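The values are calculated or read from the model by the stated rules, or taken from the named source; none is laboratory data. Computed from a prediction, not measured in an experiment: that's the story for all the values here. Cβ placement follows ideal geometry from the backbone for every residue including glycine, while neighbour counts extend to all protein chains displayed. Note: areas computed on protein heavy atoms with side chains; ligands, DNA, RNA excluded. Shrake-Rupley method; radii C 1.70, N 1.55, O 1.52, S 1.80 Å.
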Amino acid sequence: MAPGNFSQVTEFILLGLSDTRELQLLFFTLFLLAYGMVLLGNLLIIVAVRTDPKLSSPMYFLLCNLSFIDICYTSVTTPRVLVALLLGHKAIAFEGCMAQLFFLHFVGSSEMFLLTVMAFDRYTAICRPLHYTAIMAHRACWALVAACWVGGFIHSIVQTVLMLQLPFCGPNAIHSYFCDMPPIIRLACADTALTEWLMASNSGLISLGCFLVLVASYALILAKVRARLAQGHWKALSTCASHVMVVTLFFVPCIFTYLRPSGTLPSDKYVCVIYTTFSPVMNPLIYTLRSNEVKESMWRLWKR
């Protein structure tokens with residue numbers, strides 16, 4: 001018997017991205033390359049930041065934490081996807097599915113909050129440079145990162161409890177390659193209108209709210225630097241542009257997925273690939289290619 005007073009489903013079947021064997025092998029190769037890039041790129045960033053005293057500013061401290069979150073985030077779904085694509089094991093136990101959903105939202109929402117903190121860091125550095133050291137002190141940075149994790153944990157607990165209250169007594173085929181709320185809600189044998197509304201007000205509004213805060217912060221930065229196009233400000237603007245690219249790839253698909261009732265449109269599992277796989281791949285590429293300090297640190301690390 002699965003958890004929940006009315007659930008009779010003991011396992012779910014993840015239908016994946018395709019039933020064609022040739023496409024499954026292609027997806028396996030792409031996911032494996034992406035996962036390798038995420039692990040290698042983010043581990044290099046973490047080692048570079050932790051070993052190079054020149055990368056001790058709050059921006060690189062937050063970047064190091066973002067790299068750690070990206071590794072955790074992709075590790076929640078990608079290893080199981082690789083096994084399913086290679087060996088065809090599509091079944092996942094009810095408990096395992098709920099655990100995957102919990103950690104996916106725990107780490108994913110923590111990343112949303114952290115990206116918002118990183119935007120605040122850039123706003124403070126560019127718009128209030130004289131107060132930057134006092135505002136983004138070492139203790140303040142740790143407190144902000146801890147708040148991101150606590151906020152993610154609370155959000156994930158709420159989402160998981162919502163799912164555990166639903167009865168599952170019939171279909172168990174999930175039209176996706178991982179366990180998430182929108183495709184699972186469709187399988188419940190009960191009225192899910194309230195659950196869908198709570199999901200949209202939780203995950204959807206968190207995604208939209210963080211994204212609007214990010215857009216507003218970068219708009220303020222742009223307004224601040226447009227009249228002062230010195231070299232330093234061009235560099236700051238370039239850094240912000242890379243951040244905007246990352247958050248757009250991450251937030252827009254999340255808003256599309258969660259900020260709508262699950263029955264209004266069919267689930268687009270290919271959209272999920274953007275924020276679960278493609279966006280974490282882009283993070284180390286963008287931050288290393290756009291930061292001379294990180295590239296120089298990695299080069300020194302490679303020579304050692």
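Here are some notes:
- Screening ASP70 on (1) among the charged types (D, E, K, R); (2) farther than 25 Å from CYS179 by Cβ; (3) open to solvent by less than 20 Å² (accessible area, probe 1.4 Å) shows it passes everything except condition (2).
- Of all residues in the stretch 114-136 being among the aliphatic types (A, V, I, L, M) and free of Cβ contacts under 8 Å to residues at least 24 places away in the same chain, the one that is most open to solvent (accessible area, probe 1.4 Å): LEU130
- Complete set of residues in the stretch 260-293 that are at pLDDT 80 or above, of a type outside the set (A, V, I, L, M) and either open to solvent by less than 30 Å² (accessible area, probe 1.4 Å) or at positive phi (or both): CYS272, TYR275, THR276, THR277, SER279, PRO280
- Comparison of GLY4, GLY41, GLY16 shows that the only residue that is outside any helix (DSSP H, G or I), surrounded by 20 or more Cβ atoms within 10 Å (Cβ to Cβ) and modelled with pLDDT under 90 is GLY16.
- Single unsatisfied condition, PHE28 versus (1) assigned to a loop (DSSP other than H, G, I, E, B); (2) touching a Leu at 6+ places or on another chain (Cβ under 6 Å): (1)
- For the stretch 158-180, a tally of residues being assigned to a loop (DSSP other than H, G, I, E, B) and in contact with a Phe, Trp or Tyr (Cβ under 8 Å, 6 or more places away or on another chain) returns 5.
- Test: residue in the stretch 81-99 that is β-branched (Val, Ile, Thr), crowded, with 17+ Cβ neighbours inside 10 Å and under 30 Å from ASN202 (Cα atoms): yes
- Answer from ALA140, ALA146 - the residue that is in a helix (DSSP H, G or I), open to solvent by 10 Å² or more (accessible area, probe 1.4 Å) and more than 30 Å from MET199 (Cα to Cα): ALA140
- Any hit, the stretch 86-103, residues being closer than 30 Å to TRP299 by Cβ and not charged (D, E, K, R): no
- When the residues of the stretch 154-187 are filtered to those that are touching a Pro at 6+ places or on another chain (Cβ under 6 Å) and open to solvent by less than 30 Å² (accessible area, probe 1.4 Å), the one that is nearest to PRO79 (Cα to Cα) is SER176.
- Total residues in the stretch 64-76, condition touching an Asp or Glu at 6+ places or on another chain (Cβ under 9 Å) and either modelled with pLDDT under 90 or of a type in the set (S, T, N, Q) (or both): 0
- For PHE61, the stated conditions hold: it is open to solvent by less than 40 Å² (accessible area, probe 1.4 Å), assigned to a helix (DSSP H, G or I) and at pLDDT 90 or above.
- Residues in the stretch 44-58 that are open to solvent by 10 Å² or more (accessible area, probe 1.4 Å) and either at pLDDT 90 or above or not acidic (Asp, Glu) (or both): LEU44, ILE46, VAL47, VAL49, ARG50, THR51, PRO53, LYS54, SER56, SER57, PRO58.
- Residue in the stretch 123-131 that is in a loop (DSSP other than H, G, I, E, B) and under 22 Å from ILE13 (Cβ atoms) present: no
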